[in-house]
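The values are calculated or read from the model by the stated rules, or taken from the named source; none is laboratory data. Since this is a predicted model, take the numbers as computed values, not measurements. Here the Cβ positions follow ideal geometry from the backbone for every residue, glycine too, while neighbour counts run over all protein chains shown.
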């Protein structure tokens, strides 16, 4: 995928600044629409002078851990095509975040990441990146499915949904998990299927690298995805504690797990999904707590720290991406 001079100039001098401006405006609008904004800000200022300051510090530090794990996952995935240093991989991941927040279900992240690959490797990287994303989705569905089983008595007791629909949802979730896991560990099936398509020789090379994924690597990606998932849960629990959402660690773990499952199913655009996230969190975490305002603030905090801050940084990186795009003979020697 060779980029001509005009495209490079467009990305370097137009797309990066435009993304930054758009993100800044969208964030401002989303925050302004939040109920109880003044109360939330007062709570944060108060925490700065007390022990709760560590909750905020830990959430920010865990955000760094979160995206570092995702960077390692991507490194492992694309090494079949090209070895990439951690620093360059991190820039690719952050740039991907800036693209993803304005696209449905964050599909734009693939574009942001492949820009950091050498010419000739960019399109090949897409299928590898998808495998990395699927590993996270499998963990989300698995933990969400377990969460549904654990929360089932409470859900049925409060008559949130009928017994019949609960069974339908559970069977559906575990059915999807089974099929997805089967394909995840049998990537060779995809290659064989592509080979049978008419005219497949023109694009078969795009999925050929999937052959290099072995069970050890796939399990490693799943393990990193599980660690990343736990990091998310801990962040939520820390902010629940900060905003006086009275739930135990056990309750937070499984309610947030189910919330992630629901958000994975609902088609959303990340920059505008804050309201949807809040509703889902209130509906599920609300099984154990009545502090809806605290849940809303915690959700907004996670949205801003985990997604928006990295997206802003990624948009700034895109401004200087022209240097990478023009270095056709780049060799990454730090991996």
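Can you say whether residue 84 is surrounded by 20 or more Cβ atoms within 10 Å (Cβ to Cβ) and in contact with a strand residue (DSSP E or B) (Cβ under 9 Å, 6 or more places away or on another chain), as far as the supplied structure shows?
The answer is no for residue 84.
If residue 287 satisfies every condition in (1) outside any helix (DSSP H, G or I); (2) at pLDDT 90 or above; (3) surrounded by fewer than 16 Cβ atoms within 10 Å (Cβ to Cβ) but one, which is the exception?
Residue 287 satisfies all of (1) outside any helix (DSSP H, G or I); (2) at pLDDT 90 or above; (3) surrounded by fewer than 16 Cβ atoms within 10 Å (Cβ to Cβ) except (3).
Residue under question is residue 149, and the condition is that it be more than 14 Å from the chain's Cα centre (by Cα), closer than 25 Å to residue 247 by Cα, surrounded by fewer than 16 Cβ atoms within 10 Å (Cβ to Cβ) and without any contact (Cβ under 8 Å) to a residue 12 or more places away in the chain; does it hold?
Taking the combined requirement at face value, the residue does not satisfy it.
Between a residue in region 197-215 that is at positive phi and surrounded by 14 or more Cβ atoms within 10 Å (Cβ to Cβ) and any residue that is modelled with pLDDT of 75 or more and part of a loop (DSSP other than H, G, I, E, B), which pairs come within a Cβ distance under 7 Å, given they are 6 or more apart or on different chains?
Listed pairs, sorted by first residue: none to list.
Looking at 71, 125, 102, can you tell me which residue is at pLDDT 90 or above, touching a helix residue (DSSP H, G or I) at 6+ places or on another chain (Cβ under 7 Å) and farther than 20 Å from residue 253 by Cα?
71
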